[in-house]
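Okay, structure first, notes after.
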Amino acid sequence: MSSPIRVLGISGSLRKASLNTQLLRAASKMMPEHGMTLEICDLSQLPMYNSDIHEQGFPAAVEEFRTRVARADALLITTPEYNGSVTGALKNALDWASRAPHNAAPGTPSPISRKPMAMASVGGRFGGLRSQIHLRQIADHMNLQTVKKPEVFVSNAPTKAFDHEGDLVDPQTIKFLKDLLGELAVITRQSQRSEKVTV
């Protein structure tokens, strides 16, 4: 019997009432496999990436974040679109996650390398389309295994997809999100089987 899939949810928004974070909370209630879980992490305590700090060792908040990434079987990232791209908070977190320890041997993999990942976005006229385009470019460079379809863009979110309590209520968005999670489960299982064969 396969072990449960542990998904780490990362919201690119630091806003307390963020709809991108609400989308992660909605996802946590519609896991496609029995025992599959989603844990949401907070990026607000991460310092800005600085190679001088990196050389001195990862700060405690960074070490905790990297450990959570490493322990996760897969990632689900949601992000608004800021100036046509991902948020600074999200890019900063990915920069920290992609680095090996300063004194690590050459070729030491980062905790995020080859991690299965799905993405979704909320906000704006196009639902964060441009932020996802850039996030896919970043993910490819970091060697993430990204779900290609379906694409989940939630536009006009405050009046369409979420109710006044912040709960996801739009049937079409719910369907797309469930399908996205299903695909994430598929590629995660494929990745786990591949690792067993390699070992």
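Each reported figure results from applying straightforward, stated rules to the coordinates on display, with no laboratory input. This structure is a prediction, so every number in the text was calculated from the model and none was measured. Neighbour counts run over all protein chains shown; Cβ positions are idealised from the backbone, glycine included.
With a simple spin-label model that places each label point 7 Å from the Cα along the Cα-to-Cβ direction, the separation between Ile53 and Phe126 comes to 3.2 nm.
Counting each DSSP H run of 4 or more residues in the chain as -39500 (n - 2.57), what helix-only mean residue ellipticity at 222 nm follows after dividing by all residues, to the nearest 500 deg cm²/dmol? -13000 deg cm²/dmol, from helical runs alone. Which helices, counted as full DSSP H runs in the chain, have an axial Cα extent of no less than 20 Å and a Kyte-Doolittle average of 1.0 or above? Answer set is empty. For the range 1-47, the square roots of the Cα gyration tensor eigenvalues, ordered a ≥ b ≥ c, give a/c of at least 1.5 with a/b no greater than b/c, which places it in the oblate category.
Mean sequence separation of contacting Cα pairs (under 8 Å, at least six apart), scaled by the length of the range 6-198, corresponds to a relative contact order of 23 percent. Using the Stokes-Einstein relation with a Kirkwood hydrodynamic radius computed over Cα pairs, the translational diffusion coefficient of the range 8-107 at 20 °C and a viscosity of 1.002 mPa s comes to 146 µm²/s. Annotation: the residues Ile40, Ile10, sorted from fewest to most other C-beta atoms within 10 Å of their own C-beta, follow the order Ile40, Ile10. When the charge dipole of the chain is built from unit charges on Cβ atoms (+1 for Lys and Arg, -1 for Asp and Glu) and taken about the Cα centre, the candidate among Cys41, Ser121, Ser2 whose Cα reaches farthest toward its positive end is Ser2. Once the piece of chain linking Glu33 and Thr67 is laid out straight, how much longer is it, given 0.36 nm per residue of separation minus the C-alpha distance between them? Stretched out fully, the Glu33 to Thr67 stretch lengthens by 9.9 nm. Most simply put, the chain has about 10% antiparallel DSSP beta bridges, counting only bridges with both residues inside it.
Here the calculated FRET efficiency for Asn83 and Arg114, from their Cβ-Cβ distance with R0 = 30 Å, stands at 0.50, rounded to the nearest 0.05. Dipole magnitude for the chain: computed about the Cα centre from +1 point charges on Lys and Arg Cβ and -1 point charges on Asp and Glu Cβ, it is near 400 debye.
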